[in-house]
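Quick notes on the structure that follows.
Laboratory data are not the source of any read-out in this text; all were calculated from the coordinates shown. What you see is a predicted model; the values in this text were computed from it and never measured. Here the Cβ positions follow ideal geometry from the backbone for every residue, glycine too, while neighbour counts run over all protein chains shown.
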Amino acid sequence: MASRPTTPSGSAYRPPKPQRILACVLCQQRKVKCDRKFPCNHCVKARVQCVPAQQMPRRRKRPTEQALTERLRQYEELLRRNNIAVETTDDMDVEGTSADVEGQGLRSTGQTHLDGVAQVPDGQPAGAEVVKSEYQTLGEVKNFWDAMHQRPPDSHDVTEEANVDNNFGNPTFDDLSEPVIIKVWGRVYDSDHNHLFGDSKIDVPLSTLHPSHVQIFRLWQIYSDNINPLLKVTHAPTLQARILDAAVDVAGISRELEALMFSIYCATIITLSEDDCHAMLGDSKPKLLRKYQNACHQALINCGFLRSRERDCLTAFFLYLVSLRPDTHPHTLSPMFAIAFRIAYRMNIANEASNVKHGVFEAEMRRRLWWAMVAYDSRISEMTDYKTTQLIPTWDCKIPVNVNDFDLRPEMTTRPTDQEASTEALFAIVRGAIGNYVRHNALHLDFINPMLKHVAKATQHVFDPYDDDLNGLENIIENRHLKYCNLENPLHYMTIWWARNHLAKYRFFLHCSQHSRSPDHQSTVQRDAILSYAFRMLECDTALMSSPLTKGYHWLIQFHFPFPAYVRIVQDLRSRPVGAHADKAWEIMNANYTVRFVDMEPSANILFKMFASTVLQAWAARHAALFGQDGAESARRMIVDIKKKLGQPSPPIATADDAVPPVQGGMSMLPPSEVQVFPSIGQDSVNYLDPSLAELNTDLFEMDWGNVDWNAMSRMGWP
DNA sequence: TACATCGGACGATCAAGAAC
DNA sequence: TTCTTGATCGTCCGATGTAG
């Protein structure tokens with residue numbers, strides 16, 4: 001008999017196991033045989049996307065010490081009943097028992113004995129103690145009720161919340177702790193109204209408003225592709241299982257999960273095209289959005305989102321707000337986000353000392369939610385009032401850890417280590433790294449509240465491994481996070497260009513903060529530097545908008561229209577209309593215009609006119625400066641398209657004569673020397689090219705923003 | 001009749017401890 | 001390092017329900 005082949009070490013050779021091909025998700029769900037061709041026969045028949053299932057990591061549930069002890073007692077009892085002498089566990093030496101259990105890896109501390117191994121002292125969830133030691137934090141905010149009772153801050157929270165129901169019947173003054181007080185308020189204001197959201201407009205059970213089984217599944221898949229990689233506020237493996245279960249019995253799910261599911265439907269729909277909505281859900285996008293937003297709104301009321309402390313509930317509210325964004329005035333959205341932040345602060349998710357008490361998994365999910373909210377809100381703040389941003393140094397929530405969702409499991413007791421390679425959390429990690437730098441930056445804080453600079457100084461050494469240097473941050477982002485990226489992977493592509501865009505954007509902002517004088521009073525070096533950041537922003541934005549890889553992420557990219565970059569470039573072009581930098585500016589603007597506006601429907605809205613007016617002013621300046629002899633074809637294409645959209649004739653091929661009208665109150669942006677050189681660069685020259693824009697020939701910084709149609713503007717991702 | 005749903009039996013897999 | 005154990009995951013048969 002031939003001997004089995006062996007490995008170099010002498011052990012028997014085992015060919016690698018062929019990778020197991022699992023049934024597709026739909027077949028698993030339906031419990032039918034899958035032929036494992038993708039698409040499989042059932043999916044083809046059902047005309048749905050066939051998605052191969054992913055193998056779940058084994059989650060072996062270790063029996064708790066309590067369960068083991070209980071089992072042991074049962075066996076002892078059986079032995080005793082059969083008249084067999086036995087030394088009971090109660091008689092055994094405590095130290096010995098403890099050591100035995102520790103030997104099995106069941107105990108993390110020697111302090112507790114038989115009452116719940118997965119608990120650390122004070123009833124904290126698994127992993128809380130381990131994680132705690134990993135952090136330096138600002139410390140926990142004092143609790144008033146603990147101070148009243150002279151108790152250490154750790155002695156309530158999770159344990160007491162869990163025990164509230166036990167002693168809630170007749171709380172005495174000694175029982176009074178924050179969770180008890182909350183419960184008491186709950187009883188006192190049992191029927192409070194949701195004043196902000198008004199009364200329900202839905203007169204049917206919410207369970208009847210869910211999409212069909214198959215549609216729920218498809219929406220979840222699209223959410224997993226388009227939303228989750230960028231926001232990372234949900235944990236795909238556990239939530240997918242919950243949603244698939246819930247889809248089977250939508251009437252029997254918890255209120256929080258119901259709100260979360262409706263919020264996922266709404267958020268997913270904003271990422272779909274009109275055609276996709278019809279094909280997949282059989283209705284128009286606005287109708288579907290309205291339907292699921294109403295249902296989500298009601299589901300949020302049902303779970304008392306304003307007073308809830310459930311993470312699912314806050315996540316649902318956040319996703320609901322994300323779904324409102326494209327059709328909502330940012331000034332309306334901003335206070336709604338303020339509500340979300342007030343809830344988050346009540347839940348203490350911005351506080352690391354509080355997060356670590358919730359166990360490894362929950363703490364990580366709280367961090368992800370907080371950072372996603374801060375990042376999204378900071379964009380809204382940019383669009384409304386920069387001062388309201390939460391990108392400030394007064395909280396200490398850590399950046400989420402760089403791991404795949406499968407490496408983050410609810411039963412974990414130690415925080416997973418940051419992976420070197422790119423993971424599913426890449427975008428969230430990079431966004432967090434940039435955000436962490438920005439919130440401690442003094443020049444950024446000048447725009448918000450200069451007093452916070454003292455806080456930033458005091459806390460930076462604790463939180464910011466990136467030093468005070470944007471170059472250092474850029475280095476780390478490029479060499480640590482983007483190094484392993486594959487440009488063919490949509491999330492990697494998105495992260496690379498997003499990160500570069502934001503680094504350029506913050507250089508741009510910080511430069512503006514440092515050199516806030518009028519551009520005309522800045523040195524050429526300063527003007528060139530800031531112009532280069534503006535160019536970079538447009539180039540990155542063009543890369544993001546033009547790639548087919550990022551189609552599913554357009555909902556977020558469109559939200560970040562590089563408006564300040566355009567403003568700055570045009571300002572510069574009006575005063576320096578010719579030269580190498582000007583040629584480059586037109587080329588870059590044209591490329592960005594092509595991906596942002598060319599497919600836009602001709603619109604009479606004031607926003608586009610405003611944008612057009614600004615660009616045409618710069619164009620007029622160039623045209624005049626070159627006496628009509630302009631060879632910049634790319635710029636001309638852009639101008640022709642703008643004119644077309646405005647319903648104006650294409651720009652005339654101006655003659656030198658046209659280009660030298662008399663100066664009548666030339667533009668304030670121009671230094672006198674340049675007005676002399678280019679006498680046509682003035683208000684009249686713009687009107688000459690496009691008289692319909694006379695009313696709009698105003699500086700962007702001076703216009704009345706209160707009259708702007710923000711709904712349309714925000715749909716386009718302005719400003 | 002065709003198709004969807006789902007309880008539940010059964011096999012496959014693999015983490016963890018035991019044995020060598 | 002290999003073996004054993006048993007919990008968990010994954011499959012899909014077949015009973016049942018539903019719609020046309």
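How many nm separate the modelled label positions at residue A:394 and residue A:549, each set 7 Å beyond the Cα in the direction of the Cβ?
Rounded to a tenth, the inter-label distance reads 4.0 nm.
Hand me the GluC sites (Glu not before Pro) from the stretch A:320-422 located in a DSSP loop with no more than 13 other Cβ atoms within 10 Å, in residue order please.
Hits after loop and neighbour filter: A:420.
For the pairs A:609/A:645; A:387/A:609; A:31/A:232, note any where the Cα-Cα span goes beyond 20 Å.
In this structure, A:387/A:609; A:31/A:232 lie more than 20 Å apart at Cα.
Which of A:560, A:454 comes first, and how do the rest follow, when ranked by fewest Cβ neighbours within 10 Å? Don't jump to the answer; show the numbers that get you there.
Numbers: A:560 19, A:454 12.
In increasing order of surrounding Cβ atoms, one gets A:454, A:560.
How large is ³J(HN,Hα), in whole Hz, for each residue of the stretch A:422-430 in order, when computed from phi with the Karplus curve 6.51 cos²θ - 1.76 cosθ + 1.60 and θ = phi - 60°, using x for Gly and Pro?
For the stretch A:422-430, the Karplus-derived couplings read 6, 10, 5, 8, 3, 4, 5, 5, 5 Hz, x marking Gly and Pro.
Extending each Cα 7 Å along its Cβ direction at residue A:276 and residue A:83, get the distance between those two points in nm, one decimal.
Reported label-point gap for residue A:276 and residue A:83 is 7.6 nm.
Suppose each label sits 7 Å from its Cα in the direction of the beta carbon; what would the residue A:332-residue A:488 distance come out to in nanometres?
4.5
Taking K and R as +1 and D and E as -1, what net charge do the other residues with C-beta under 9 Å from the C-beta of residue A:361 add up to?
Computed value for this residue: -2.
Given the alpha-carbon gyration tensor of the stretch A:258-393, what are the semi-axes of its equivalent ellipsoid in whole angstrom, ordered largest first, with each equal to the square root of 5 times an eigenvalue? Before the final figure, lay out the partial values.
Numbers: eigenvalues 144, 66, 33 Å².
So the equivalent ellipsoid measures 27, 18, 13 Å along its semi-axes.
Determine the shape class of the stretch A:222-302: with a ≥ b ≥ c the square roots of the Cα gyration tensor eigenvalues, call it rounded for a/c under 1.5, and otherwise prolate if a/b is greater than b/c, oblate otherwise. Display every interim value, and only then the final one.
Working: a/c = 1.68, a/b = 1.24, b/c = 1.36.
Taking the square roots of the gyration eigenvalues as a ≥ b ≥ c, the stretch A:222-302 is oblate.
Please give the net charge around residue A:497, taking every other residue with its beta carbon less than 15 angstrom from that of residue A:497, where Lys and Arg add +1 and Asp and Glu add -1. Could you put the intermediate results ahead of the total?
Working: positive: A:431, A:500, A:505, A:536, A:551, A:596; negative: A:474, A:478, A:488, A:539, A:541.
Value of the local net charge: +1.
Report the residues of the stretch A:202-222 in range of a label on residue A:251: point 7 Å along Cα→C-beta, backbone N strictly under 13 Å from it.
A:205-209
Which far-off residues, 5 or more places away or on another chain, put their amide H under 5 Å from the one on residue A:24, with H placed in the peptide plane?
A:36, A:53
So, counting K/R as plus one and D/E as minus one, what does the shell of residues with Cβ under 12 Å around residue A:280 add up to?
Neighbour charge sum, excluding residue A:280 itself: -1.
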